[in-house]
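Computed from the coordinates by the stated procedures, all read-outs in this text should not be read as laboratory data. Note that the structure is predicted; figures quoted are calculated from it, not measured. Every residue, glycine among them, receives a Cβ derived from its backbone with ideal geometry; neighbour counts consider all protein chains shown.
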Amino acid sequence: MIEKAKVWAESAKMFSYFQKMALSISYFFRSYGGLLIAFWIYTYLDSCLQIIAGKTNTENGWLAWIPIANIYLSCKIARKPGWWLLLFFNSCSEYIYFNYCMDGNSKSSQKI
């Protein structure tokens, strides 16, 4: 009977250990999982923008990795003037000019 009690005590310790480990893993992904996903999305989108800049022969494709400069690069890919970057900071017209730039990007990509 004492042997069974020792086995139960050991299994309870192991269960407690695995439970704590599972909780620590879940806490990690709750706190840092969103950051990891955001970093992956940022890396993917910027590498795509750099590839598009290379295919459209746009200068300074490395600007895709700088947060504000990638909007400027997107305007240059769409063959729009550089001052359009300022229009992106106006909250009312941001969506309109974003659509114009993306339309210009798709048209310049079709020329490849």
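Using the Karplus equation 6.51 cos²θ - 1.76 cosθ + 1.60 (θ = phi - 60°), what ³J(HN,Hα) coupling, rounded to whole Hz, does each residue of segment 72-78 give in order, writing x for Gly and Pro?
Per-residue couplings from phi come out as 4, 5, 5, 5, 5, 5, 7 Hz.
Count the net charge of all other residues whose Cβ sits under 11 Å from the Cβ of L63, scoring Lys and Arg as +1 and Asp and Glu as -1.
With Lys, Arg at +1 and Asp, Glu at -1, the neighbours total -1.
Can you tell me how much longer the chain between L45 and R30 gets when fully stretched, taken as 0.36 nm per residue apart minus their C-alpha distance, in nm with one decimal?
Full extension of this stretch gives 3.1 nm more.
What ranking, highest mean first, results for peptides 79-85, 61-67 when packing means the other Cβ atoms within 10 Å averaged over each residue? Mind dumping the intermediate values first?
Values: 79-85: 13.6, 61-67: 15.6.
Packing proxy ranking, top to bottom: 61-67, 79-85.
When the label point is put 7 Å from the Cα of A69 along its Cα-to-beta-carbon vector, which residues of segment 41-61 have a backbone N closer than 13 Å?
Counting only backbone N, you get 50, 59-61.
Which whole-Hz ³J(HN,Hα) couplings does segment 45-54 yield from phi under the Karplus relation 6.51 cos²θ - 1.76 cosθ + 1.60, θ = phi - 60°, glycine and proline marked x?
Computed from phi, the couplings for segment 45-54 are 5, 6, 5, 5, 5, 5, 5, 5, 5, x Hz.
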